[in-house]
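The values are calculated or read from the model by the stated rules, or taken from the named source; none is laboratory data. Every value quoted in this text rests on a predicted model; they were computed, and no experiment measured them. Glycine also receives a Cβ, built like all others from the backbone with ideal geometry; neighbour counts cover every protein chain displayed. SASA here: full protein model, heavy atoms, side chains in, ligands and nucleic acids out. Shrake-Rupley method; radii C 1.70, N 1.55, O 1.52, S 1.80 Å.
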Amino acid sequence: MAGSLDDGSDGRSPVLGRFQFRLDGQVLICTVQGPFNAEFIDHLQGQSAGLLDELIRLGKWAVIVVFQSSALTSLSALTLLTRNVRSRAQSGRSPAACALVMSPDVEGAALMTALYLRCYVENGVPAQAFETLESARAWIDARLTE
């Protein structure tokens, strides 16, 4: 499943960012291209709902977020992401772990990594950042077998 920019023609702010989802066993891999705004986080949440329901039915699951181009986002988007992670945690629907993949050439990687990790860790979801998908997947697989 993929999604991209919305022109905002419905009167709302345009959605800034692109995404693509794929399921790999018990892992949701979400590839995203920033920069992002709060409308993107909202849109992503809505688009991922069916996949998350499917993963939750499988039992223990995890997510890998692969950043491309830019990881920059607004404070309001980070706040909304934190709220979404907290809501899933409070309802017992959070992932077993979250891995972020940001190579050094992703714009804002050095600045944004800790901010994204905090959204998950402060809500009880183990999270770690990696430079490659392979290393992120190895860490996620280890969390799923714990």
> So which residues in region 86-100 are among the aliphatic types (A, V, I, L, M) and touching a Lys or Arg at 6+ places or on another chain (Cβ under 8 Å)?
Replying inline: Ala96, Ala97, Ala99
> Does region 7-27 contain any residue that is modelled with pLDDT of 90 or more, surrounded by fewer than 18 Cβ atoms within 10 Å (Cβ to Cβ), hydroxyl-bearing (Ser, Thr, Tyr) and on the phi < 0 side of the Ramachandran plot?
Replying inline: no
>> Please go through region 67-77 and give me each residue that is in contact with a helix residue (DSSP H, G or I) (Cβ under 8 Å, 6 or more places away or on another chain) and open to solvent by 20 Å² or more (accessible area, probe 1.4 Å), ordered by number.
In response: Leu72, Thr73, Ser74, Ser76
